[in-house]
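Derivation of every value follows stated rules applied to the coordinates shown; laboratory data play no part. Treat the numbers as computed from the prediction; the structure is a model and nothing was measured. As a convention, Cβ positions derive from the backbone with ideal geometry for all residues, glycine included, and neighbour counts pool all protein chains shown.
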């Protein structure tokens, strides 16, 4: 088994939970409440602002020039999604992102990613950011086959189920087998990978329930 195969096999239970979640099913059959999708888009926009910082740290700590350049490109790609897909939705809904607060799941997920980004080596950062890449591609491809009767959901599906997105993901995933690490570091990588995958599930579940903190975060 390659490292890619071992890592992917380690989260099959999480993937089954994501694939069967009413948020994901609701995207294709149209049953997802628009308020839950709106909550998700707002949280995803807030998430990408922090995720971009972690990708930048991956670029800075990269072991090869190819890794450095590609992760820097991914920072720019995340900004494009923010400026395109998210901004169009937020503008349509009249949402000012500056006035929005992170959900508990989003705050926990991004805090974990930032902690790894600032304190860990490139392989450990790679393992923490990969679930966002890999699971989105997996879910996007599944949903692309089914489509959606709701225009907003179709736009989201087409973004993450398309070939251009897949090319970037395939390259990022391939780096798992490029890094040389000790058994101890690989265990930490596998832990990061699984925890981030669980957070991916929690992110969708949180959006479905429109989860918020019980009190405002503003000071």
Take the Cα of residue 198, step 7 Å along the line toward its Cβ, and report every residue of region 132-155 whose backbone nitrogen sits under 20 Å from that point. 132-136
Per-peptide average of other Cβ atoms within 10 Å, ordering 130-141, 85-96 highest first: 130-141, 85-96
When only Cα pairs under 8 Å and 6 or more residues apart are kept, what is the percent relative contact order across region 3-208? 33
Across 10 Å bins beginning at 0, the whole-percent shares of Cα-Cα pair distances in region 93-140 come to 21, 38, 34, 7, 0
With Rh as the Kirkwood radius over Cα pairs, region 62-128 has Rg/Rh of 1.07
Report the normalised scattering of region 1-44 as log10 I(q)/I(0) at q = 0.27 Å⁻¹, calculated by the Debye formula with identical scatterers on the alpha carbons. -0.89
PRE reach from residue 142 (point 7 Å along Cα→Cβ): which of region 190-219 fall under 16 Å by backbone N? 197-206, 208
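Using only the C-alpha atoms of region 82-197, find the volume of their convex hull and express it per residue in Å³. Could you put the intermediate results ahead of the total?
Details: hull volume 14.9 nm³, N = 116.
It is 129 Å³ per residue.
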Here, residue 164 and residue 99, labelled 7 Å along Cα→Cβ, have an inter-label distance in nm of 3.2
Over the chain, one equal point on each Cα, no solvent: what is log10 I(q)/I(0) by the Debye formula at q = 0.10, 0.16, 0.18 Å⁻¹? -0.43, -1.14, -1.45
Taking the Cα atoms of region 155-196 alone, what are Rg (to one decimal) and Dmax (as a whole number) in Å? 13.9, 42
Counting alpha carbon pairs within less than 8 Å and at least 6 residues apart, what relative contact order, in whole percent, applies to region 1-113? 25
What Kirkwood hydrodynamic radius do you get for region 1-112 when you take the inverse of the mean 1/r over all pairs of distinct Cα atoms, in Å? 16.4
Exposure-ranked with fewest Cβ neighbours within 10 Å first, 171, 8 stand as 171, 8
